[in-house]
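Asks: One structure, pasted below without further comment.
The values are calculated or read from the model by the stated rules, or taken from the named source; none is laboratory data. Quick caveat: nothing in here was measured; it's all calculated off a predicted structure. For neighbour counting, all protein chains shown are included, and Cβ atoms are generated from backbone atoms with ideal geometry for every residue, glycine included. Note: areas computed on protein heavy atoms with side chains; ligands, DNA, RNA excluded. Shrake-Rupley method; radii C 1.70, N 1.55, O 1.52, S 1.80 Å.
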Amino acid sequence: MNIVLLAPPAAGKGTMSELLIKKYGFTHISTGDLLRNALSRNDEIAKSLKETMDAGKLVDDETILKLVYDKLSSSDNKGFIFDGFPRTINQAIAFDKMLSDMDNKVDTAIYITVPKEVALKRTTGRITCPSCKRIYNIYFDNLRPKNSNICDECGVELIKRGDDSEEVFEKRYATYLKETEPLVNYYQEKGILKEVENINKEEAFRNITTILENL
Ligand code: ADP
């Protein structure tokens, strides 16, 4: 089964992916994570990618499609979660073609929604474990790490992403409305869109599992 998670910035795509992987063992394809890995190469391409991401803009479709293709063709096919991809109509069309060439398809697109004020707090308070990728948040009691800046599980120092400021959030949100929100219609017209509001993590996850188990 192939699932696309579609959402505005900080609606909880990463968190829902983590829970889905734990429960069903999907392979996670997050273009944000693939790009952040590419940044560690520290060459000219990495420098230009970092500039684009830190400005809240989208990376070009060609780079993204190549990252996804390489990851897809090197993974065993036991079902994928696409997190943060596709993000433009052009990517979605190219992605459908890529999958159909592999005798495959998108089975469902889950549209995760959240009020903009909540998304803003999630973004500006977010800190992540570089090792296990667990996400914490300094603004929410139940999401704070036990020791100020250290991962509860790995004991390593948590990091704040370069694009997690309020200013960049506003830019990313505007980019989302312009480039990505049209995908809601795209998948609705294909009859595979399901909407889940993610205010409460457990409830949202329960709703997603119900959707998947009734496909
Ligand atoms: P979030 O989940 O917080 O919305 P991501 O981690 O998915 O953000 O992405 C971080 C940044 O990486 C984006 O703001 C964008 O610059 C870039 N990016 C990620 N996925 C894509 C994509 N499919 N197309 C273009 N740019 C992307």
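Asks: Over the range 155-215, with the other protein chains present, what is the accessible area per residue in square angstrom, probe 1.4 angstrom?
Replies: 62
Asks: So, one more: Based on Cβ point charges of +1 for Lys and Arg and -1 for Asp and Glu, what charge dipole magnitude is obtained for the range 1-84 about its Cα centre, in debye rounded to the nearest 20?
Replies: My answer is approximately 340 debye.
Asks: Also, I was wondering about something else. Output the peptides 195-202, 120-127 sorted from most to least packed, where packing is the average of other Cβ atoms within 10 Å over each peptide's residues.
Replies: On the way: 195-202: 14.5, 120-127: 19.0.
Packing proxy ranking, top to bottom: 120-127, 195-202.
Asks: Let me ask something else about it. Please compare each pair in Lys66/Lys190; Lys23/Lys66; Lys50/Lys201; Lys47/Lys201; Lys22/Lys66; Lys160/Lys201 to a cut-off of 32 Å on the Cα-Cα distance and tell me which ones are over it.
Replies: Lys47/Lys201
Asks: Here's another thing I want to ask about it. In debye, nearest 20, what is the charge dipole magnitude of the range 111-198 about its Cα centre with +1 on Lys and Arg Cβ and -1 on Asp and Glu Cβ, if you could check?
Replies: Values: 15 positive and 15 negative charges, 35 e Å.
Charge dipole, the range 111-198, about its Cα centre: 160 debye, nearest 20.
Asks: Then there's this: Normalized C-alpha radius of gyration of the chain, against 2.2 N^0.38 Å?
Replies: Against the empirical 2.2 N^0.38 Å value, I get 0.99 for the chain.
Asks: How many percent of the alpha carbon pairs in the range 49-112 exceed a separation of 13 Å?
Replies: Numbers: 1358 of 2016 pairs.
Cα-Cα pairs in the range 49-112 separated by more than 13 Å: 67 percent.
Asks: Also, I was wondering about something else. Carbon and sulfur: what percent of the range 60-215's accessible surface (1.4 Å probe)?
Replies: Result for the range 60-215: 48 percent of the exposed heavy-atom area is carbon or sulfur.
Asks: Sticking with this one: Going from most exposed to least, what order do Arg41, Arg87, Arg144, Arg172 have by accessible area with a 1.4 Å probe?
Replies: Solvent-accessible surface, decreasing: Arg41, Arg144, Arg87, Arg172.
Asks: Given C-alpha coordinates of the range 1-49, what is the ratio Rg to Rh with the Kirkwood estimate of Rh? If you can, show how the numbers build up before the last one.
Replies: On the way: Rg = 13.4 Å, Rh = 12.5 Å.
Ratio of gyration radius to Kirkwood radius: 1.07.
Asks: For the range 54-167, what mean projected area does the convex hull of the alpha carbons give, in nm²?
Replies: Details: hull surface 36.5 nm².
Dividing the Cα hull surface by four gives the mean projection, 9.1 nm².
Asks: Right, next: Considering only protein heavy atoms, what per residue accessible area in square angstrom results for the range 1-154 with a 1.4 angstrom probe?
Replies: Per-residue accessible area for the range 1-154 comes out at 50 Å².
Asks: Please report the accessible area of Tyr139 (heavy atoms, 1.4 Å probe, ligands and nucleic acids excluded) in Å², nearest 10.
Replies: For Tyr139, the solvent-accessible surface is approximately 110 Å².
Asks: Something else: Would you compute, from DSSP H runs of 4+ residues alone, the mean residue ellipticity of the chain at 222 nm, taking -39500 (n - 2.57) per run and dividing by the full residue count, rounded to the nearest 500?
Replies: Values: 9 runs with 98 residues, N = 215.
My calculation for the chain gives -14000 deg cm²/dmol from helical runs alone.
Asks: Give me D for the range 1-108 in µm² s⁻¹, whole number, from Stokes-Einstein with Rh from the Kirkwood sum over alpha-carbon pairs, 10 °C and 1.306 mPa s. Each step should come with its number before you reach the end.
Replies: Working: Rh = 14.5 Å.
The Stokes-Einstein estimate is 110 µm²/s.
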